[in-house]
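The values are calculated or read from the model by the stated rules, or taken from the named source; none is laboratory data. Given the structure is predicted, the values throughout are model-derived calculations rather than measurements. Reconstructed Cβ throughout: ideal geometry from the backbone, glycine too, with neighbour counts over all protein chains shown. These area figures cover heavy atoms from the full protein model, side chains too; ligands, DNA and RNA do not enter into them. Shrake-Rupley method; radii C 1.70, N 1.55, O 1.52, S 1.80 Å.
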Amino acid sequence: MSKIISQETFDDVVQENVVEFAMSPSEAKEETIKQFEAQGINLVNIIKDLAINPDTGKPVINETVAKIQKHINEKNEDKAQLTELLAILDQECKKSLAHRVLAGKLGAHDALVQLLEQTLAVEPLETELLCKCLQAVNSLTHKQPDLYDPKAMGVVLQLLALENQLEVTCLTLQWLQKACIMHEMNRQSIMASNAVKAMKPLLVKANPRLLRELTAVLRFLVLDDDIRVEFGCAHEHARQIANEMLLELVELLPAYEDANVLADLMLTLGTLAVRQELCTVIDDAGGLKIIFDIMRNNLNEERLNREALKLLRALAGHDAVKAHIVQQGVAPIIKQLIETHQTNENILTAALACITTLTLRVKEHSAAFFETGIAEIIVEALRQHPKNKILQRNGAWAIRNMVSRSRDQCDTWLSFGVEDLLNAAMVEHPSVAQDIKAALRDLGCNVQLREEWTGTAEKKIAA
């Protein structure tokens, strides 16, 4: 079993080499590594690339955290020095997760939260210092959400209550985002607090950057990515947020022309529309017409249209809303999208998935799409991207759903050479062979169905 040492022991030897033997930081670290490896010590747990102060031999991150803590405890009035220390801590934390973990162990999070509390208590508000502190705490919390605690939650609520502080509010929302990722308990504590109600007034402020940060928080609150928790509350969180903000989010769609803002709004709406009554709210608010207008006006925007297609697919989970989507003219828009983006696999994959959902078990919907002449466009998309498994699978799904209740379409599909394309895709992508066979079967093609397992009855079943 190999021997290991602590980070403190390693740092002490580096410091000794710098101070006692007048080595440069790089020489001191190199010599220290050689010393310990010669003794058979495994240094896998040691951060070897810490920045070292050439005067004292101590790691810069250790000194910086200690100086910030001292500054807070002594209530030092030198704001310039404090701002400089926060900038150094921010840069050190951005280097790697190991640096952030070390800073957390040194007490950096508690120090920054205490500093935020002190700064908020001072009038007039020192915005620059507040921003520097929030930048540092954002860097520290990145991929390290365990640091976020109830004390931090209290500070966040105070920060969200500030008015006319765009930079501070955006940095606070980024802090919430980092606290949510891969941490179910943080998400639950945020939802249990007054945070959602505190964020709601931010929706009315016509600022694209603020809106994008806010919608990101809403989406992160409904994640289910914490493997430490058996059951998350993503669905319940989505319901609560939707009841509070869904209508306002729909009403914001016509207010923006920026494609990225619109894409974020649609992504957020699709994330929150987890129940039938919520799909109805979007429909009743005129959301479908707004979405169609946005798609028509931004046919060349990849991300925007991809999110719009995902949103329509989510809304189609409600049968009545699905009928409204088709009746209000989505078929020509999707056909135009596929024509415009024949070389874009992401758009094609999303469009075919949307057609699959909208035509499922509804003959009239299949006819609405077929009448636009979309069959030839879909076949051409499959022909252009034979190596993309998901696109081929989604194409097979779309074809199967369109012809399963409308066998009169089969001859048209076959005339475009779809049978050969599907057979080739089945050979190329055996993992989705069953999906492709279903499309070939409903097209009336010859399909070899193989019985996967045959059982033998112990007792003969009477006729």
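Relative contact order for the range 341-447 using alpha-carbon pairs under 8 Å, separation at least 6, rounded to a whole percent?
It rounds to 30 percent for the range 341-447.
Above 25 Å lies some portion of the pair distances; for the range 133-289, what is it as a whole percent of all C-alpha pairs?
Distances greater than 25 Å cover 27 percent of the Cα pairs.
Would you kindly find the accessible area of R275, with a 1.4 Å probe and non-protein molecules such as ligands, DNA and RNA excluded, rounding to the nearest 10 Å²?
Accessible area, nearest 10 Å²: 80 Å².
Convex hull over the alpha-carbon atoms of the range 1-58: what's its volume per residue in Å³?
65 Å³
Find, among the GluC sites (Glu not before Pro) in the range 234-337, those assigned to loop by DSSP (not H, G, I, E, B) with at most 12 other beta-carbon atoms within 10 angstrom.
Answer by residue number: E257.
In whole Hz and in residue order, list the ³J(HN,Hα) couplings for the range 86-102 that follow from phi through the Karplus curve 6.51 cos²θ - 1.76 cosθ + 1.60, θ = phi - 60°; x for Gly and Pro.
5, 5, 5, 4, 4, 5, 5, 5, 6, 5, 6, 5, 4, 5, 5, 4, 4
Rolling a 1.4 Å sphere over the protein heavy atoms, what is the accessible area per residue of the chain, to the nearest Å²?
48 Å²
Whenever you get a sec, line up M426, M199 from highest to lowest accessible area (probe 1.4 Å, protein heavy atoms).
Largest accessible area first, the list is M426, M199.
Hey, what's the Cα Rg ratio for the range 143-219 versus the globular rule of thumb, 2.2 N^0.38 Å?
Taking N as the residue count of the range 143-219, the ratio is 1.01.
Normalising by the residue count of the range 1-58, find the relative contact order in percent from Cα pairs under 8 Å and 6+ residues apart.
About 51 percent, as a whole number.
Please state, as a whole number in µm²/s, the translational diffusion coefficient that the Stokes-Einstein equation yields for the chain at 25 °C and 0.890 mPa s, with Rh defined as the Kirkwood radius across alpha carbon pairs.
93 µm²/s
Cα-Cα over 18 Å: which of K67/K132; K48/K178; K3/K34?
Listed pairs above 18 Å: K48/K178.
Starting from 0.36 nm per residue, how many nanometres of slack lie between K289 and D224 once their C-alpha separation is accounted for?
Difference between extended and current length: 20.3 nm.
Averaging sequence separations of C-alpha pairs under 8 Å and six or more residues apart, then dividing by the length of the chain, give the relative contact order as a whole percent.
That works out to 7 percent.
Using a cut-off of 14 Å between beta-carbons, work out the net charge of the residues near Q177 (Lys and Arg +1, Asp and Glu -1, Q177 not included).
Surrounding charge for Q177 is +3.
In 10 Å bins starting at zero, report the fraction of Cα pairs in the range 69-177 per bin as a rounded %.
Bin by bin from 0 Å, the calculated values are 14, 52, 31, 2.
Using alpha-carbon positions, what is the distance between the centroids of the range 1-80 and the range 314-389, in Å?
Measuring centre to centre over Cα atoms gives 60 Å.
Please list, ordered by chain and number, the residues whose modelled amide H lies under 5 Å from the amide H of I52; skip anything fewer than 5 residues away on the same chain.
V60
Could you please tell me the mean projected area of the C-alpha convex hull for the range 341-447, averaged over all directions and given in square nanometres to one decimal?
With every direction weighted equally, the projected area is 5.7 nm².
All other residues with a Cβ under 12 Å from the Cβ of V44 taken together, and with Lys, Arg as +1 and Asp, Glu as -1, what is their net charge?
Once all neighbours under 12 Å are counted, the net charge is +1.
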